[in-house]
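This report concerns only the one structure given below.
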Amino acid sequence: KNLLYVADLDEIVVIDIASAAIKQRIPVTGAKFLNDVTIDKSGAVYVSDSETGKVHLLKGGKVSDYLDGLKGPNGLLADGGKLYVLASGELLEYGPNKKSTTLASGLNTSTDGIEAIDAHSFIVSSWEGVIYHVSKHGPFEQLLDTREAKINTADIGYDPIKKIVYVPTFFKNSVVAYQLK
């Protein structure tokens, strides 16, 4: 509905895209380091808190704890009725019943961004400078490692039509684009 939801440490900021104005600030009780945001098809907003180990849910104007006890949750993706969570080197899948399945473990512990490539795989970034291809039904593959060059790979974007991954480099003040082949 032309709104942008932003995680801002201890509140969710709602921005009207057309006017570029802040429409609302929604405090999240107990939040310390809100990090990533995803929205499902019904309009429910999920926000990770990397410091408290929680994922919060904003629905019907009210914030509640959706998941807790996670280790450093960061990247989130609501897709196909499921919630995918990156938490300290693991990719977790949660169904509507909140039962978790570990899709991948052993990724760099600074896992950050997640985008679905298709119904069976993801692109995952780790803030330290690693990007992976992760299959739902098998191993993961490292696609890029820029740690030696000290180029961070923060949260990512993906254009499924052109198959381009957009990677903000954080301290290098640029966005790099890679085409998947």
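How high is the relative contact order of the range 1-67, given as a whole-number percent (alpha carbon pairs under 8 Å, six or more residues apart)?
Contact order relative to length: 21 percent.
Below 27 Å, Cα to Cα, which lysines can Lys54 reach? Residues fewer than 8 away in the same chain don't count.
The reachable lysines, counting only those whose Cα sits under 27 Å from Lys54, are Lys1, Lys23, Lys32, Lys41, Lys62, Lys71, Lys82, Lys98, Lys99, Lys136.
Using the 2.2 N^0.38 Å rule of thumb for compact globular proteins, work out how the chain stacks up: its C-alpha Rg over that value, please.
1.00
FRET efficiency for Phe170 and Thr101, Cβ-Cβ distance as r, R0 = 45 Å, nearest 0.05?
Rounded to the nearest 0.05, the efficiency is 0.90.
Taking R0 as 35 Å, what's the FRET efficiency between His120 and Asp68 from their Cβ-Cβ distance, rounded to 0.05?
Calculated transfer efficiency: 0.75.
Mind checking the dipole of the range 80-181: about its Cα centre, +1 per Lys or Arg Cβ, -1 per Asp or Glu Cβ, Debye to the nearest 20?
Computed about the Cα centre, the dipole is about 160 debye.
Mean 1/r over all different Cα pairs, inverted: what Kirkwood radius does the range 67-171 give, in Å?
13.7
Run the numbers on the range 1-120 and let me know its relative contact order in percent, using alpha-carbon pairs under 8 Å that are six or more apart.
Result for the range 1-120 is 14 percent.
Mind listing the phi-derived Karplus ³J(HN,Hα) values for the range 46-62, rounded to whole Hz, using 6.51, -1.76 and 1.60 with θ = phi - 60°, and x for any glycine or proline?
Going residue by residue, I get 10, 9, 7, 10, 5, 8, 8, x, 10, 10, 9, 10, 9, 8, x, x, 10 Hz, with x marking Gly and Pro.
Seen from all sides and averaged, what is the projected area of the convex hull of the Cα atoms in the range 22-123, in nm²?
Mean projected area for the range 22-123: 6.7 nm², to one decimal.
What accessible area per residue comes out for the range 3-55, rounded to a whole number of Å², with a 1.4 Å probe?
54
Counting only protein heavy atoms and using a 1.4 Å probe, what share of the accessible area of the range 1-79 belongs to carbon plus sulfur, as a whole percent?
Result for the range 1-79: 49 percent of the exposed heavy-atom area is carbon or sulfur.
Using alpha carbons only, how many angstrom separate the centre of the range 3-71 from the centre of the range 115-181?
Rounded to whole Å, the Cα centres lie 23 Å apart.
The values are calculated or read from the model by the stated rules, or taken from the named source; none is laboratory data. From a predicted model like this one, the values you see are computed outputs, not experimental measurements. Methodologically, a virtual Cβ is constructed for each residue, glycine included, from the backbone with ideal geometry; neighbour enumeration extends over all protein chains shown. Calculation scope for accessible area: heavy atoms of the full protein, side chains included, ligands and nucleic acids excluded. Shrake-Rupley method; radii C 1.70, N 1.55, O 1.52, S 1.80 Å.
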